[in-house]
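The block underneath contains the structure these notes are about, expressed in structure tokens.
The numbers here are math on the coordinates, done by the rules we state, and not lab data. Small disclaimer: the values here were computed from a predicted structure and weren't measured. We place every Cβ from the backbone using ideal geometry, glycine too, and count neighbours over all the protein chains shown.
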2 protein chains.
Amino acid sequence: MTPEDIEDLLLEMKDTSELMVDLAYSALLYDNEEIARQVIELEESIDAWDEEVQERAVQRALEDRDVEKALVFIRLANSIETIADGAVLIADVVLRDIEPHPVVAAALRESDTAIVTVTVPSDSPVTGKSLGEAKVASETGMWVIAIRRGPAWIYGPDEDTALREGDLLIARGPEEGEEELRALLSG
Amino acid sequence: MTPEDIEDLLLEMKDTSELMVDLAYSALLYDNEEIARQVIELEESIDAWDEEVQERAVQRALEDRDVEKALVFIRLANSIETIADGAVLIADVVLRDIEPHPVVAAALRESDTAIVTVTVPSDSPVTGKSLGEAKVASETGMWVIAIRRGPAWIYGPDEDTALREGDLLIARGPEEGEEELRALLSG
């Protein structure tokens, strides 16, 4: 589904590029090729949206004669595409890599924003609640990047994504957020 | 100050590139050329670290004969540099721009992660406390990107940065985090 307006396209591109960067680092940390492949897949959407922005920006310029504005839209789409390219390069390292690189992963764990995995326990008070209802982000500072549910993955869950027992969450946030997230899930 | 190890260099590059992306979007949202110029300045550090990683990776390969590992280091540094390039492109839009683009800014405000500004009030209980002590990130989900203190800016403050009355915080996080941040600062 492609958004209607150039502005909405840019917004979608921004959010997707940020998800791609988070997923790429997650793939690297956990040496996970499945997540890395999802980054490559999202890049296709980014490329399509980038072209769409260019076309619509030129179209709109024909109507409102505002060349400067059209160029701003095109440049911003290109900027976001460049960020997404960086995520793809990280994912490529994971996919090309012959063996995992624990040293790099260990270094990245020291980052300002930690990436952690936490499982929703069987007696969790958040089971059945959405991420928004459980206030995961605002109560713990942790942003859920992806959820592994059985063999399936949910990439970039939103506020309305409901949590289930056994869900494995990959989340990013401040170091002390991991403990708070575990506490929230345990009740 | 340049870190000693390749791993630490990569970590520094990662954290700096993320700060650059956050600052670039902030500059765009608030049409702030000062913040945009800071992004350009940080790019110089990224470029220097990128070269440093390349040199040290090749050096290390001479010692441990692990060509594959050296290439992983070099590719990761290039990936991060690409992400930083995207941030620079956004900052360039802000710096080249003749007039602000409220439509783009309005669209970006709808992002999954909001960027907001909040001032530390005069009777705030967090005055004198560090960001870590005040648990800003883990209590509200908001990540402080920059602090404007009088005419000066603190870019990418860390856990030890103490808050002062009148500080203007630029923070990013979940939409509902803004209210929680205001509540935390007001006590």
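Before moving on, here are some points about what is shown:
- Spin-label pair A:Ser186/B:Glu68, simplified geometry with 7 Å Cα→Cβ offset, distance in nm: 3.8 nm
- A simple spin-label model places pseudo-atoms 7 Å from Cα toward Cβ; at A:Leu95 and A:Asp160 they are separated by 3.1 nm.
- For trypsin sites (Lys or Arg not before Pro), the sites in region B:1-65 that DSSP calls loop and that have at most 13 other Cβ atoms within 10 Å are B:Arg65.
- Length gained when the stretch B:Arg60-B:Glu41 is fully extended (0.36 nm per residue, less Cα-Cα span): 3.9 nm
- Sparsely packed GluC sites (Glu not before Pro) within region A:72-136, loop by DSSP, other Cβ within 10 Å at most 14: A:Glu110, A:Glu133
- What separates the Cα centres of region B:1-68 and region A:60-138 is a distance of 18 Å.
- Average Cα contact separation per residue, chain A, under 8 Å, 6 or more apart, as relative contact order %: 22 percent
- Cα long-axis angle, helix A:6-29 against chain A (0 to 90 degrees, to the nearest 10): 40 degrees
- Dipole-positive endmost among B:Trp49, B:Pro121, A:Thr117 within the protein assembly as shown (Cβ charges, Cα centre): B:Pro121
- Distances in nm from A:Asp158 to the matching label points in the other copies, shortest first (labels 7 Å along Cα to Cβ): 3.7
- Folded to 0 to 90 degrees: helix B:177-186 orientation relative to chain B principal axis, Cα: 60 degrees
- Translational D in µm²/s for chain B (Stokes-Einstein at 25 °C, 0.890 mPa s, Kirkwood Rh from C-alpha pairs): 137 µm²/s
- Pairs from B:Lys14/B:Lys135; A:Lys14/A:Lys129; A:Lys14/A:Lys69 whose Cα-Cα separation, in the structure shown, is over 21 Å: B:Lys14/B:Lys135; A:Lys14/A:Lys129
- Among the GluC sites (Glu not before Pro) in region B:25-75, none sits in a DSSP loop with a Cβ that has at most 12 other Cβ atoms within 10 Å.
- In the frame of its principal axes, region A:14-112 has Cα extents of 54, 26, 16 Å, reported largest first.
- Range of Cα positions in the protein assembly as shown per principal axis (Å), largest first: 57, 46, 45
- MRE, 222 nm, helices only [DSSP H, n ≥ 4, -39500 (n - 2.57), over chain B, to nearest 500]: -19500 deg cm²/dmol
- Size of region A:122-179 as Cα extents on the principal axes (Å, biggest first): 28, 21, 20
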